[in-house]
Structure formats: structure tokens, C-alpha cells
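Below you'll find the structure, written out as C-alpha cells, and then a few comments.
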Amino acid sequence: MALPAPVLDLCDHFLVLAERELPAGLLTGLYLHGGVVFGEWAPQESDVDFLATLAHRPEPAEVEALRGVHAQMAAYSSTRFDGPHVLAADLACDPRTLPPVPEMISTRKLEIIASPSRMITWHELAQAGITVAGPELSTLQIWTDKQALHDYTVDNLDTYWRRNAEGLTRATPADLPADERERDYLLSHCILASVRLHHLLVTGEMTAKSRAGRWALTHYDERWHRVLAEGLHLRDASGTSATPTRPTCSETSGTS
């Protein structure tokens, strides 16, 4: 599929920086997951969710080189370019068993972490991932487990997203971001990202946020239609397309 121009530009810029700043041969592949692989891109909202493969576990000096590359990426564009740096062989393993690896996270910093959200990453790559550079994903072995994905999603909704929902019910107008665009993002994201996870539990399929919202309009009781319609309206107003400083409620533990 053709990538939206801003996504392609970010990927190209990353590859140029990697070739110039990283040791030769360290980066072996670049792959995309998240909403863009399901044909949805919102310029004012969407991140670029990537997974990069490395030839070996990076040494401390190589981690610093990766950190420098991502610092330059953050200076180049306000669009977040987030994801882990793993071995291609890691994709064949349950991501919960992996050691901490360098990952660019929502705070726009490269950290050495073990992230439970890689359960989503692995399954999105297996279902619809896009190869930007390196061996085609279809030639790589990618671990998947439908029951493990289901259990992770249930737990994610019952912990991270439940806390977000309860926090919003207690929020006063003064608690919401003063900037209207940030406030709209917060509301549309929290509505549609949680619905996206429920869609996965019901259908067994991953999809994009707006598509999940439209699905919910045909499956949820009418009393939820107003909030669903508002979430879709706000996301569409940000420039969501079917072709190719964030608020507190984020996708760090959810899906992209």
C-alpha cells in the first residue's frame, strides 16, 4: 500500500540518519504497524509506530548512537516516531520473554525497557505490518497467540483504560488541557482507542480507531452513539484519511 507522504518522509529521514550515524550494518530492517497499516492516518493525531531490527544487541556506545538518531528525528518533526529496536529472531519469540531493549517511547526519549504493549506490536506486524527496509515480513517468523492477545487486551481495558475512564469522569473543565486541539485529541483518542480494543475482543481482528468507532455505532446501544459520533467527528476534523506535548491519556500501554 502507498504510505501517506508524512509517514514516508519520516521513514526515509530515519534511514538516512541511521546510515550516517550508526555503525555499518547495525540496522537490518524497518517495519511499520499501528493505524497506518490498516489504511488510516490522521496528520494531527497519528504517530508513526515502527519496529527496527538490529544485527545484534547494541553495546552502550551503539545505544547512544541510536539515542542521537532519535533526538534528531524529534527535532525534525513533531510527529512521534515510536518503537523498539530488537533482533529479527526476537519476532519468533513471545515478546513477554524478551530482555529490555532500546525503545523510543511517548515521552520522545529512547529508554531501555521491557514493554507489555509489544504483544500488540507482534500481532499487528503479523496481520498487516508494512516492510519499509530489510527482509519482507512475510519471510520472517512472527510469534502470535490469540489467547495471549485476548488476555492482554482484557487486562489492558480493565487496568489502564479503566483508570483513564474513571479519571475523565472525575475531571472538571479546569482539569482538561487548555489548548482546544489537545483537548479534542484527549477525548477522541480515549473514546476510540478503547473501542478499538473492544472491537478486537468481539471480532478477533485488529483495525484502525475510526473503523472501530463506526463498527461500534452498529453494535453498541443507542445511548453510546452520541459519544461515539463525537469521537469520530473530532478525529475526522483532525484530518483522518482512509488513504495514505500530548495530553495525559496516551497509548503507552494501549494500541496505536
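A count restricted to the stretch 1-17 and to residues that are closer than 22 Å to Leu91 by Cα and open to solvent by less than 10 Å² (accessible area, probe 1.4 Å) stands at 2.
Note on the stretch 134-156: residues that are in contact with a Phe, Trp or Tyr (Cβ under 9 Å, 6 or more places away or on another chain) and open to solvent by less than 30 Å² (accessible area, probe 1.4 Å) total 2. Just wondering, is there one or more residues in the stretch 83-96 that are hydrophobic (A, V, I, L, M, F, W, C) and touching a helix residue (DSSP H, G or I) at 6+ places or on another chain (Cβ under 6 Å)? Within the stretch 83-96, not a single residue is hydrophobic (A, V, I, L, M, F, W, C) and touching a helix residue (DSSP H, G or I) at 6+ places or on another chain (Cβ under 6 Å). With respect to the conditions (1) open to solvent by less than 30 Å² (accessible area, probe 1.4 Å); (2) at positive phi, Gly204 falls short on a single one, namely (1). Look at the stretch 79-94: where a residue is aliphatic (A, V, I, L, M) and in a helix (DSSP H, G or I) and a partner is open to solvent by less than 30 Å² (accessible area, probe 1.4 Å) and at pLDDT 95 or above, sitting 6+ places away or on another chain with Cβ atoms under 7 Å, you get Ala88/Gly29; Ala88/Thr53; Leu91/Trp122. Regarding Pro244, is this residue modelled with pLDDT under 80, in contact with a Pro (Cβ under 7 Å, 6 or more places away or on another chain), within 22 Å of His33 (Cα to Cα) and not in a helix (DSSP H, G or I)? Considered against the rule, which asks whether it is modelled with pLDDT under 80, in contact with a Pro (Cβ under 7 Å, 6 or more places away or on another chain), within 22 Å of His33 (Cα to Cα) and not in a helix (DSSP H, G or I), Pro244 comes out as yes. Taken as a whole, the condition of being over 26 Å from Leu192 (Cα atoms) and either assigned to a helix (DSSP H, G or I) or acidic (Asp, Glu) (or both) does not apply to Val36. A single member of Gln127, Gln147 is within 19 Å of Gly35 (Cα to Cα) and part of a helix (DSSP H, G or I), and it is Gln127.
Taking (1) surrounded by fewer than 14 Cβ atoms within 10 Å (Cβ to Cβ); (2) in a helix (DSSP H, G or I) in turn, Ala178 satisfies each apart from (2). Take Thr159 and decide whether it is farther than 17 Å from His33 by Cβ, among the polar types (S, T, N, Q), open to solvent by less than 70 Å² (accessible area, probe 1.4 Å) and out of contact with any strand residue (DSSP E or B) (no Cβ under 9 Å at 6 or more places or on another chain). Taking the combined requirement at face value, the residue satisfies it. All conditions but one from (1) open to solvent by less than 20 Å² (accessible area, probe 1.4 Å); (2) in contact with a strand residue (DSSP E or B) (Cβ under 6 Å, 6 or more places away or on another chain); (3) part of a helix (DSSP H, G or I) apply to Pro102; the one that does not is (3). Going residue by residue through the stretch 40-54, is there one that turns out to be assigned to a strand (DSSP E or B), of a type in the set (A, V, I, L, M, F, W, C) and farther than 27 Å from Arg235 by Cα? Looking through the stretch 40-54, at least one residue is assigned to a strand (DSSP E or B), of a type in the set (A, V, I, L, M, F, W, C) and farther than 27 Å from Arg235 by Cα. Among the residues of the stretch 162-175, not a single one is at pLDDT 95 or above, farther than 30 Å from His13 by Cβ, open to solvent by less than 40 Å² (accessible area, probe 1.4 Å) and in a helix (DSSP H, G or I).
Taking the conditions (1) closer than 29 Å to Arg235 by Cβ; (2) open to solvent by 10 Å² or more (accessible area, probe 1.4 Å) in turn, Gln72 satisfies each one other than (1). Restricting attention to the stretch 41-68, the residues that are open to solvent by less than 10 Å² (accessible area, probe 1.4 Å) and in contact with a Lys or Arg (Cβ under 9 Å, 6 or more places away or on another chain) add up to 3.
The values are calculated or read from the model by the stated rules, or taken from the named source; none is laboratory data. All figures in this text were calculated on a predicted structure; none of them were measured in a lab. Positions of Cβ are generated from backbone atoms using ideal geometry, with glycine treated the same way; all protein chains shown enter the neighbour counts. For the accessible areas, the whole protein counts, side chains as well, though only heavy atoms, and no ligand, DNA or RNA atoms are used. Shrake-Rupley method; radii C 1.70, N 1.55, O 1.52, S 1.80 Å.
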